[in-house]
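The values are calculated or read from the model by the stated rules, or taken from the named source; none is laboratory data. Quick caveat: nothing in here was measured; it's all calculated off a predicted structure. When the accessible area is computed, the model is the full protein with side chains, heavy atoms only, and any ligands, DNA or RNA have been set aside. Shrake-Rupley method; radii C 1.70, N 1.55, O 1.52, S 1.80 Å.
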Amino acid sequence: VGRFSVIKQQRLVGLMAKFKVADFSRKVDLGSPKSHKTGAGINITSFVPNYSLHFKQQNRTLTQQYTLVGTRLDNSITVIVRHDHRNASQKQARLDGIVYDISDISPDDSNDAIRYDYLTLVKTTKGA
């Protein structure tokens, strides 16, 4: 089973469940990395938020966790946010002061009135 099929399995599990408004109690900042010069003339890249959304963290089953062991997504987390067309263009997310790269976006392309996007986040590594 490939690592992306695990993400699809998570999405299917989530589709079967109905979410409560109270589940979306935390906020995530979505944005992109931007380069700028410091006072010393050194180029650095830092996270620049574009907007914030409430999210629900998706829990994985043990089978899904074992499938991801040893892959790039081993220590990733999946968050669920309300569908927003802007989500597809975002590169990074910040949760609780920690910046993550967005490795996968699974948008909800249904015609439902309330739609959700699944974002797979991997902790940003400096100098990699």
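Ordered by 1.4 Å accessible area with all protein chains kept, Lys56, Lys91, Lys18 run largest first as Lys18, Lys91, Lys56.
With the whole protein complex present, Val28 retains an accessible surface near 0 Å², based on a 1.4 Å probe. With a 1.4 Å probe and all protein chains kept in place, how much accessible area does Ile77 have, in Å² rounded to the nearest 10? Solvent-accessible area, nearest 10 Å²: 40 Å².
Accessible area of Phe47 (1.4 Å probe, protein heavy atoms only, ligands and nucleic acids ignored): about 30 Å².
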